[in-house]
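The values are calculated or read from the model by the stated rules, or taken from the named source; none is laboratory data. This is a predicted model, so every value here is computed, not measured. So basically every Cβ, Gly included, is an ideal-geometry build from the backbone, and we count neighbours across all protein chains shown. Remember, those area values only see protein heavy atoms, side chains included, never the ligands or the DNA or RNA. Shrake-Rupley method; radii C 1.70, N 1.55, O 1.52, S 1.80 Å.
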Amino acid sequence: MKPLFSPEPRYRWPDGAKCAVMLCFDVDGETTALSEDKALASRLSTMSQCEYGPGVGVPRLLELLTHLEAPATFFIPSYIAENHPRMTAAVAEAGHEIGVHGYLHERLPTLSPDEEKVILQRSLAILQGLTGKRPVGYRAPWFEINPGTPDLLKTEGMLYDSSQMGDDVPYTLSNGLVEIPGQWMLEDWEQFAFNAEPAWGVIPEDCGKVFELWWREFEAMRDFGCCFVLTMHPWLMGRPSRVRLLEQLVRRIQESGDVWFARGAEIARYAVANPEARRETNLDSL
C-alpha cells in the first residue's frame, strides 16, 4: 500500500511549526439583525438572540481563552464597540487583537466607494478611541469585498485583510496588503445559525459532527503546512455546549505540539518579513 499523500508544506512557519492557527470571533451582535433591517429593533426576541453575543458569549469566550492561554482576533463592528465599550475594552485588555468589521455590518457591494471610505475611517477612529490602539486588520462583513477595497485598506494604513478565500495560506496582494484567507467550512454560521423569522440558517448541527468536520480539516491542513483560520460568532459559539466544543478542539490542537497560535497581525507581519516562506503552487503563476 502506498504511504499517505504528503506534499511539501505550503508555508514555512516560525520555530518549526507545521501549521498556523488563527482563532477569529466576528462580534456582530445586534448588527446581525440591524444590518438587514433597522425595523427589527422592535423584534425583541430576535434582538435578544443577537445581544447574547456581546452580553454573554464574549465574556464566556474570553474566560475560555484565558483558561486555554490561547490568543485570538476579534473583528468588531464599530457600532457594537460604541454600544458595548466595556466589552470592547475587555477584549483588548485580555491581550487579543481587535480588527475592523464595518460599522453596522454593512454589505460592501451595496456601498459606493465614498460610502465605504467614510465607514472605514469612522470605524478606525471609534476603535482607536476606545482601545487606544489603531487596528491593522480588516474583515469584510459576509466576507465580501469590492474591487477597490484592498487599495482603500492600504491607503488607510491597514496591514492585512481576512475576507478572501483564494488560498489556505497567507498571500500578498499587488499593493502589498497581506491576505489571510478563510473559508466557509471553518465558519460557525453554516453550522449553528438559526432564526425563525427573518429566516437565518437551517437546522443547528450537533457539536460532535462539527468537531469532526473542523478537526479533520485541521489535521489535513497541518499535514499540508497551511493556515487554519476558524471564524466564529459569540452569539453562536458562546452557548455552553459550543464552548465545550471549542475547548475540546483547541486542547486537541495544542496537544499536537507543533502549531503556532497567532493573532492576525502576527501572521501578517511574519508574512511580510518572510516572503520566501510561502510555496507557490499556482501553475499559471510559476
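Name the single residue that is modelled with the highest pLDDT among those in segment 243-257 being touching a strand residue (DSSP E or B) at 6+ places or on another chain (Cβ under 9 Å) and open to solvent by 30 Å² or more (accessible area, probe 1.4 Å).
So the residue we want is Q254.
Could you say whether any residue in segment 163-181 is surrounded by fewer than 17 Cβ atoms within 10 Å (Cβ to Cβ) and within 21 Å of G53 (Cα to Cα)?
No, segment 163-181 contains no residue that is surrounded by fewer than 17 Cβ atoms within 10 Å (Cβ to Cβ) and within 21 Å of G53 (Cα to Cα).
Among the residues of segment 115-126, is any of a type in the set (G, A, S) and within 26 Å of T46 (Cβ to Cβ)?
The answer is yes, given that some residue of segment 115-126 is of a type in the set (G, A, S) and within 26 Å of T46 (Cβ to Cβ).
State which residue pairs qualify: first residue of a type in the set (F, W, Y) and inside segment 146-166, second residue surrounded by 14 or more Cβ atoms within 10 Å (Cβ to Cβ) and assigned to a loop (DSSP other than H, G, I, E, B) in any location, beta carbons under 6 Å apart, and separation of 6 or more residues or different chains.
Partner pairs satisfying both residue conditions: Y160/I180.
Would you be able to tell me the number of residues in segment 264-285 that are open to solvent by less than 30 Å² (accessible area, probe 1.4 Å) and free of Cβ contacts under 8 Å to residues at least 12 places away in the same chain?
0
Restricting to segment 30-67, and then to whatever is of a type in the set (D, E) and closer than 27 Å to V250 by Cβ, can you tell me which residue is surrounded by the most Cβ atoms within 10 Å (Cβ to Cβ)?
Residue satisfying both the conditions and the ranking: E51.
Do we have E197 as at pLDDT 95 or above, over 26 Å from I267 (Cα atoms) and either part of a strand (DSSP E or B) or more than 17 Å from the chain's Cα centre (by Cα) (or both) here?
Spelling it out, it is not the case that E197 is at pLDDT 95 or above, over 26 Å from I267 (Cα atoms) and either part of a strand (DSSP E or B) or more than 17 Å from the chain's Cα centre (by Cα) (or both).
In segment 73-128, which residues are in contact with a strand residue (DSSP E or B) (Cβ under 9 Å, 6 or more places away or on another chain), surrounded by 21 or more Cβ atoms within 10 Å (Cβ to Cβ) and either over 17 Å from F25 (Cα atoms) or hydroxyl-bearing (S, T, Y) (or both)?
If the condition is that a residue be in contact with a strand residue (DSSP E or B) (Cβ under 9 Å, 6 or more places away or on another chain), surrounded by 21 or more Cβ atoms within 10 Å (Cβ to Cβ) and either over 17 Å from F25 (Cα atoms) or hydroxyl-bearing (S, T, Y) (or both), then T73, S78, T88, L120, S123 are the ones that fit.
Only one residue in I98, I126, I80, I119 is among the aliphatic types (A, V, I, L, M) and either under 30 Å from F224 (Cα atoms) or in contact with a Lys or Arg (Cβ under 9 Å, 6 or more places away or on another chain) (or both), so which one is that?
I98
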